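Every number in this text was worked out from the coordinates using simple rules, so none of it is lab data. Everything numeric here is computed off the predicted structure, so don't read it as measured data. Cβ: placed from backbone, ideal geometry, glycine included. Neighbour counts: every protein chain shown.
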Amino acid sequence: MNPVKVTLKNGIMTATLADIENRNALGMALLSGLNEALETAEADPEVRALVITNEGSTFCAGANLKERSGAVSSDPTPQKTIHFEEILEKIQSTPLPVIGRIAGHVVGGGNGLAASLDIAIAQEDVKFGFTEVRLGVIPAIISVVCLPKMRPGEAMEAFLRGNRFPATKAAEFGLISRAVPAEDLDRAIEEVLEDLRKGGPHALGQAKRLVYEVPAMEQKEAFKYTAKLSASLFAGDEAKEGMAAFLGKRKAAWAKEDEA
C-alpha cells in the first residue's frame, strides 16, 4: 500500500500520510511518496496549492527507527533514495503554497515537516515534542527549518527537555500557524485555501520567496533585490490582469469558483 495517498479537487492537491502502522514515520517509501506528490503538484498548472495531512492519530512520528536500526528493509524500495532534507527544501522552494492540516501528534522529525510548511494548522488536542535526545540523537536536520521560527530560549528548552507540549504551545513557538478545536480544523483549512485561490499564482510563489530569502540578505542587497522584483511583477501580465479586475470590480481570471 502506498503510504502517501494523493487526490486532486478544485485545484487543490492533497497528500495524505497513510502509513498508520508506522505512525507515518519518515521511511523511504513515505519520503518517496511525498517527493512524488510535490513534483506532480508543481508540474500541474491547474494545482493552486498542496495540502499535507494524515490518517491515524499521528501526523508524523519522525525517523523510521525500524529502517534506521536495520531491523527491517524498506518495502517497497523506491527506485531513488530521497533524503528528508530534500523534502524540506522542496517544500520551501516550490512556488506552490504548501499547507499543513495536522490532525495527529507530531514527534521528532515530524516537527521539521510541520515547521517547513508555509501555513500549518493543527488540532488543539494533538501533542508536539522534540524527543530526539531521549534516543541519544539530536534534531539536527530539522533545526534548519525550526530555528528560524523559534526564539532561542524556547528552542533550547524544547530541544534539551525532549518533552511533549500541546499544539497551542507549538503555535506560540512559531512551529505552526495556529491550533484550533478539532471540529474547526477543516473549516480553518478551507478558509486558507479560499484565500489562496484569489491570489495570482505567480504572485503567491514570489511572496513565498520573500519570506524565505529576504531575512538572510543584507539590507542594501534586500532593497535592490525587492525593487527589481517588484518592478518586474508590476510589468507582468498577471499584475495587469489583477489590476484590471480590481478597477473593473470583477474577479481575476485565476480566481475560480469552487466546484460542488
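Checking each residue of segment 130-138 against the condition of being touching a residue at least 12 places away in the same chain (Cβ under 8 Å), surrounded by fewer than 22 Cβ atoms within 10 Å (Cβ to Cβ) and among the polar types (S, T, N, Q) gives at least one match.
In this structure, Lys224 does not satisfy being under 22 Å from Met13 (Cα atoms) and among the charged types (D, E, K, R).
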